[in-house]
Amino acid sequence: MIKLVIFDMDGVLTSTTHEHFSAWASLFKHHFNLEIDPLLEVKTKGVSRLESLKVLLDHYGIDINESARLSLAQEKNIAYQQLIAQFDESKCLPGVIECLEVLKRRKILCALGSASKNGPFLLKAIKLEKYFDYVVDPTLLRSKPYPDIFLKAASHFGISPQDCLGIEDAEAGIEAIKRAGMFAIGIGPEQLNQADLKVKTFPEISQKLWDEILRGKKE
Ligand code: BG6
Ligand code: MG
């Protein structure tokens, strides 16, 4: 019986994939005069800011020290924050509010389990704060695909991982949910083969399907 649903933010509640990647793209253009390959986007999804930077630096064989990395990561974040500054409720992905309403009616707890330190800002901006009982602070936790963020949400409520469900749009996120021992819903355009259930958008999950999932009957 599912008691807690843990949502990722980027690509699940709102679509910020383009904003994250275009902030990296302008940074790499400015500092290294490089047009980053759009195919790298998928590898930066779901992982922390510094991990994303490492993916890009490694790909282009750029070796810089820790303090240069921290400064680039900070610069990327400033560019990203400018891109999301005007986000409002119109940026919620289709079916998100309806899904949160279903869970609220059924008295299921909801947590935000995002790797992003901008998660709390976005949750407020897109006006979803009232649906969330807890927001995991990713600061001191290992990045997805480690299960830490999902396990932190479960332990906050003292709920066993087998009574939790995670929703993710990225490979690293689905792996984190499965490593946490939870039911994984994959959403969005990626294949996400490890997910227990894969949909393209929330409206694909009918009331009947929600019933089965929440009762733990959907294997
Ligand atoms: C994830 C995004 O949700 O958050 C990643 O998918 C991003 O692309 C990560 O790197 C960290 O986000 P932030 O906002 O803390 O830089
Ligand atoms: Mg995501």
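Please give, to one decimal in nm, the separation of the simple spin-label points placed at Arg106 and Ala68, each 7 Å out from Cα toward the Cβ.
Computed distance between label sites Arg106 and Ala68 equals 5.1 nm.
Please work out the average accessible area per residue across segment 17-84, using the 1.4 Å probe convention, and give it in Å².
On a per-residue basis, 56 Å².
With labels modelled as points extended 7 Å from the Cα through the Cβ direction, what inter-label distance (nm, one decimal) is found for Gln191 paired with Ser15?
So the two model labels end up 2.2 nm from each other.
Please pull out the direction-averaged projected area of segment 1-40, using the convex hull of its alpha-carbon atoms, in nm² to one decimal place.
3.9
When the accessible area of the chain is split by element with a 1.4 Å probe, what percent falls to carbon and sulfur?
Carbon with sulfur: 52 percent of the solvent-accessible area.
Of Lys3/Lys43; Lys127/Lys208; Lys45/Lys91, which sit over 25 Å apart, Cα to Cα?
Exceeds cut-off: Lys3/Lys43; Lys127/Lys208.
Quote the charge dipole size of the chain about the Cα centre in Debye, to the nearest 20; the model charges only the Cβ of Lys and Arg (+1) and of Asp and Glu (-1).
640
Roughly what angle does helix 17-32 make with the longest principal axis of the chain, taking Cα atoms, 0 to 90 degrees, to the nearest 10?
Tilt of helix 17-32: around 10 degrees.
In Å³ and rounded to a whole number, note down the convex hull volume per residue for the Cα atoms of segment 48-200.
Taking only Cα atoms, segment 48-200 has a hull volume of 125 Å³ per residue.
Place a point 7 Å from Cα of Phe121 in the direction of its Cβ. Which residues in segment 17-43 have their backbone N less than 17 Å from it?
Taking a point 7 Å out along Cα→Cβ of Phe121, the residues of segment 17-43 whose backbone N falls under 17 Å are 17-27.
Mean 1/r over all different Cα pairs, inverted: what Kirkwood radius does segment 17-84 give, in Å?
11.8
Once both labels are modelled 7 Å past Cα along the beta-carbon direction, what's the Lys208-His30 spacing in nm?
The two pseudo-label positions are separated by 5.3 nm.
What is the helix-to-structure angle for 66-84, meaning the angle in degrees between its Cα long axis and the longest Cα principal axis of the chain, kept from 0 to 90 and rounded to the nearest 10?
Roughly 60 degrees, rounded to the nearest 10.
Hey, what did segment 17-84 get for relative contact order, percent, Cα under 8 Å, at least 6 apart?
For segment 17-84, the relative contact order is 40 percent.
With the contact rule set at Cα under 8 Å and sequence spacing of 6 or more, what percent relative contact order holds for segment 149-189?
40
Volume per residue, Å³, of the convex hull around the alpha-carbon atoms of segment 1-114?
125
Normalised by the number of residues in the chain, what is the relative contact order in percent for Cα pairs under 8 Å and 6+ residues apart?
Taking the mean separation of contacting Cα pairs over the length of the chain, I get 27 percent.
Please name whichever of Ala125, Ala85, His20 sits farthest to the positive end of the charge dipole of the chain, dipole taken about the Cα centre and charges placed at Cβ: Lys and Arg +1, Asp and Glu -1.
Of the listed residues, the answer is Ala125.
The values are calculated or read from the model by the stated rules, or taken from the named source; none is laboratory data. Values in this document were obtained by computation on a predicted structure and should not be read as measured data. Please note: Cβ atoms are built from the backbone with ideal geometry, for glycine as well, and neighbour counts cover all protein chains shown. Heavy atoms of the whole protein, side chains included, go into the accessibility calculation; ligands, DNA and RNA do not. Shrake-Rupley method; radii C 1.70, N 1.55, O 1.52, S 1.80 Å.
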